[in-house]
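See structure below.
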């Protein structure tokens, strides 16, 4: 599959040229720039989750580290969506906004940023893909919107454009969307900021950037690892606030978390023998094709529900549908795929096994009820062979999650 430029269609040609060249940016341009930031954050999630699900030992330090980052990226997505809502627009998660793999981060400089894809976890992937995605910008690096070299510089361009806007571009009344401040990410994430003005906008962006890439103060050079450094540490401070921590770290930035894992290859856990950047059209095992389609359809319905959570109105599928699919269904469907040979007469213990492609299927006509029934049928077709025990366990768990979601999904017309 050829590399793609992920979801550039939602960014108008010359967007950041216009934002930089004018002293009074248009509100629509600010909305598009914030949507780009959301898409950059969201693009990382399938990348991190594919690697996460491939790790066999879910109690390992590597698994828990990657899981914490994936959860915090969901916080970043939510915070970026709040910015879009406050600017008077609605966040987009479907259609052209959906990332495709392999490719680059949306609008990123392909010469200085990594190719991102759906890979089996390894120390090399942590070092050359994950840490590269979260790499901090050098102190004083200029804001960049088009062909940015780091995510922090993209946010720098967004901040500069908002600051240049005359007056307050944000509003909490009379807008078509609603901001989410009640998300649940367990012990991960941060303080979700309701964006009401430029000050709260700055706080939201700072939390995203410092938690992900970390920050480099002017008096310190950028070095790859400091065991007890004075920057790139982010978490809950003793005064109850959430932000950079000086001295002994409470929580490392995503960049340093990934660097730490990549440098300890001797203790890297076993992984499932999956294909990287899978394409279900290549599979010759019918079961792998069916499970791949089921994963993509569940993912697509989740994206539609995710969009609905930010629309003003009484119906809110965030907890009943979005989180439930994300935590109760997709992980187990992914591991079911990863326990299934991609090719006919394959051996799942040797591989290559199938893996999620994270495809958005806009043309799917299957309802959530039909997807639930298909999972039940898939379970009924399994043999009693011990070799299918792992597959059976994951399908049963995904089916139980589907049945819990079914009533809420029907109410939303999914």
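The values are calculated or read from the model by the stated rules, or taken from the named source; none is laboratory data. None of these values were measured; they are calculated from a predicted model. Cβ sites come from the backbone with ideal geometry, for glycine too, and all protein chains shown count toward neighbours.
Every residue, every condition in (1) crowded, with 17+ Cβ neighbours inside 10 Å; (2) over 21 Å from residue 208 (Cα atoms), yes or no:
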{"site": "100", "(1), (2)": "yes, yes"}
{"site": "108", "(1), (2)": "yes, no"}
{"site": "138", "(1), (2)": "no, no"}
{"site": "145", "(1), (2)": "yes, no"}
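Among the residues of the range 171-197, those that are modelled with pLDDT of 70 or more, surrounded by 14 or more Cβ atoms within 10 Å (Cβ to Cβ) and closer than 27 Å to residue 255 by Cβ comprise 180, 183, 191, 192, 193, 195.
Listed here are the residues, each with its yes/no results for (1) in a helix (DSSP H, G or I); (2) in contact with a strand residue (DSSP E or B) (Cβ under 9 Å, 6 or more places away or on another chain); (3) without any contact (Cβ under 8 Å) to a residue 12 or more places away in the chain.
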residue	(1), (2), (3)
281	yes, no, yes
295	yes, no, no
298	yes, no, no
301	yes, no, no
304	yes, no, no
308	yes, no, no
315	no, no, no
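Restricting attention to the range 263-279 and to residues that are surrounded by fewer than 21 Cβ atoms within 10 Å (Cβ to Cβ) and not in a loop (DSSP other than H, G, I, E, B), the residue that is farthest from the chain's Cα centre (by Cα) turns out to be 266. In the set (1) modelled with pLDDT under 85; (2) in contact with a helix residue (DSSP H, G or I) (Cβ under 7 Å, 6 or more places away or on another chain); (3) more than 30 Å from residue 266 (Cβ to Cβ), the condition left unmet by residue 148 is number (1).
In the list 220, 257, 236, which residue meets the criterion of being surrounded by 19 or more Cβ atoms within 10 Å (Cβ to Cβ), assigned by TED's automatic domain parsing to the domain that holds residue 143 and modelled with pLDDT under 95?
Working: 220 fails: surrounded by 19 or more Cβ atoms within 10 Å (Cβ to Cβ); 236 fails: surrounded by 19 or more Cβ atoms within 10 Å (Cβ to Cβ).
Going through 220, 257, 236 in turn, just one is surrounded by 19 or more Cβ atoms within 10 Å (Cβ to Cβ), assigned by TED's automatic domain parsing to the domain that holds residue 143 and modelled with pLDDT under 95: 257.
Might you check whether a residue that is outside the structural domain of residue 97 (by TED's automatic domain parsing), assigned to a loop (DSSP other than H, G, I, E, B), more than 21 Å from residue 273 (Cα to Cα) and modelled with pLDDT under 95 occurs anywhere in the range 340-348? Checked the range 340-348: no residue is outside the structural domain of residue 97 (by TED's automatic domain parsing), assigned to a loop (DSSP other than H, G, I, E, B), more than 21 Å from residue 273 (Cα to Cα) and modelled with pLDDT under 95. Of 65, 43, all but one fail to be crowded, with 23+ Cβ neighbours inside 10 Å and outside any loop (DSSP other than H, G, I, E, B); the exception is 43.
Just one residue in the set 51, 127, 89 is more than 22 Å from residue 16 (Cβ to Cβ) and surrounded by fewer than 24 Cβ atoms within 10 Å (Cβ to Cβ); that residue is 127.
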